[in-house]
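Working notes for the structure below.
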Amino acid sequence: MAYIDGLNVYQGMSAKGWRDLLWLDYRSLCEDLTYPWQHLESVKYFTAHRRHPPESYARQEIYFNALDARGGVQRIEGKFEKNKVPCVHCGRMTESFRERRTDVNLASHLVGDAAHDRFDLALLISGDSDFIEPVRQVQLLGKKVKLARPPSRRSDELGSTCNHMTDIRKNHLARNQLPNPIERSKGNPIKCPYGWLPLQDKIELMSDSNRQTMNEIRSSVHESLHPSLHGLADRMLGQ
């Protein structure tokens with residue numbers, strides 16, 4: 001059974017600048033991280049519904065609908081709570097939103113499923129050291145835990161506590177993207193939010209002349225610089 005710390009994955013990918021890979025098919029990713037002789041019983045995705053800013057809420061709502069339409073992932077939600085915190089620069093109180101309950105939800109399901117003998121090995125996708133003690137409790141119940149660390153989210157202590165460990169690399173994410181669009185039996189197809197589109201998909205939306213210009217620019221720079229071209233593509237598309 002797979003247990004996904006959704007915010008941890010999102011923050012890690014955002015820190016890497018991999019927003020064009022956020023249209024992630026979690027069921028497919030977990031199958032990719034599972035050996036051929038293993039059976040993936042279920043995928044549990046722990047997250048919380050953002051309310052602010054509105055554009056983030058809209059993108060997340062589209063993504064949740066896409067995961068539901070795709071199927072194979074159980075979403076378990078915490079919530080975001082609004083707090084007042086002092087600005088580090090001026091000291092004035094500002095609003096801050098913090099995710100609550102998702103870590104507790106994940107830990108509870110992980111230990112509870114182990115106690116009910118629902119898996120032999122848990123696939124934990126997180127880099128949060130808060131899960132060290134739940135992992136130890138699962139191991140005391142005779143189960144094993146494989147850790148898959150998201151980009152830029154790596155706790156060495158959590159890694160050494162788990163029975164197995166691997167890192168989720170860019171190629172894992174790139175080959176496990178949701179279809180775009182996702183067709184539904186009822187309702188309109190679900191399209192990836194514009195801000196998450198790969199560079200090539202943005203180029204396809206351009207006029208012929210702009211598309212040719214953008215392809216020439218892309219071919220003239222190293223692949224590592226391609227993420228920096230998103231801003232140029234957005235301006236050319238009037239976004």
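The values are calculated or read from the model by the stated rules, or taken from the named source; none is laboratory data. Bear in mind that the values here come from a model prediction, so they are computed numbers and not experimental data. Heads up, the Cβs are rebuilt from the backbone with ideal geometry, glycines too, and the neighbour counts pull from every protein chain shown.
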Checklist entry - Any idea which of (1) touching a residue at least 12 places away in the same chain (Cβ under 8 Å); (2) surrounded by fewer than 14 Cβ atoms within 10 Å (Cβ to Cβ); (3) among the acidic types (Asp, Glu) is the one ASP201 doesn't satisfy? => result (2)
Next on the checklist: Within the range 200-209, does at least one residue satisfy the condition of being charged (D, E, K, R) and closer than 21 Å to GLU55 by Cα?
Outcome noted: yes
Next on the checklist: Looking only at residues that are of a type outside the set (A, V, I, L, M) and under 18 Å from MET165 (Cβ atoms) in the range 23-50, which one is surrounded by the most Cβ atoms within 10 Å (Cβ to Cβ)?
Outcome noted: CYS30
Checklist outcome for this item: Residues of the range 34-49 being over 14 Å from the mean Cα position of the chain (by Cα) and in contact (Cβ under 8 Å) with a residue 12 or more places away in the chain, in sequence order, are THR34, GLN38, LEU40, GLU41, SER42
Checklist entry - Out of (1) without any contact (Cβ under 8 Å) to a residue 12 or more places away in the chain; (2) not in a loop (DSSP other than H, G, I, E, B), the odd one out for GLY238 is which? => result (2)
Checklist entry - Do you know which residues across the range 154-170 are part of a loop (DSSP other than H, G, I, E, B) and surrounded by fewer than 21 Cβ atoms within 10 Å (Cβ to Cβ)? => result ARG154, SER155, ASN163, ARG169
Next on the checklist: Name the single residue that is surrounded by the fewest Cβ atoms within 10 Å (Cβ to Cβ) among those in the range 114-141 being part of a loop (DSSP other than H, G, I, E, B) and touching a helix residue (DSSP H, G or I) at 6+ places or on another chain (Cβ under 8 Å).
Outcome noted: LEU141
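Residue-wise test of (1) of a type in the set (A, V, I, L, M, F, W, C); (2) farther than 17 Å from LEU110 by Cα; (3) modelled with pLDDT under 95.
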site	(1), (2), (3)
ASP5	no, no, no
ALA15	yes, yes, yes
ASP25	no, yes, no
LEU33	yes, yes, no
LEU40	yes, no, no
HIS52	no, yes, yes
Next on the checklist: Exactly one condition in (1) assigned by TED's automatic domain parsing to the domain that holds PHE64; (2) of a type outside the set (Asp, Glu); (3) within 22 Å of PHE46 (Cα to Cα) is false for GLY142; which is it?
Outcome noted: (3)
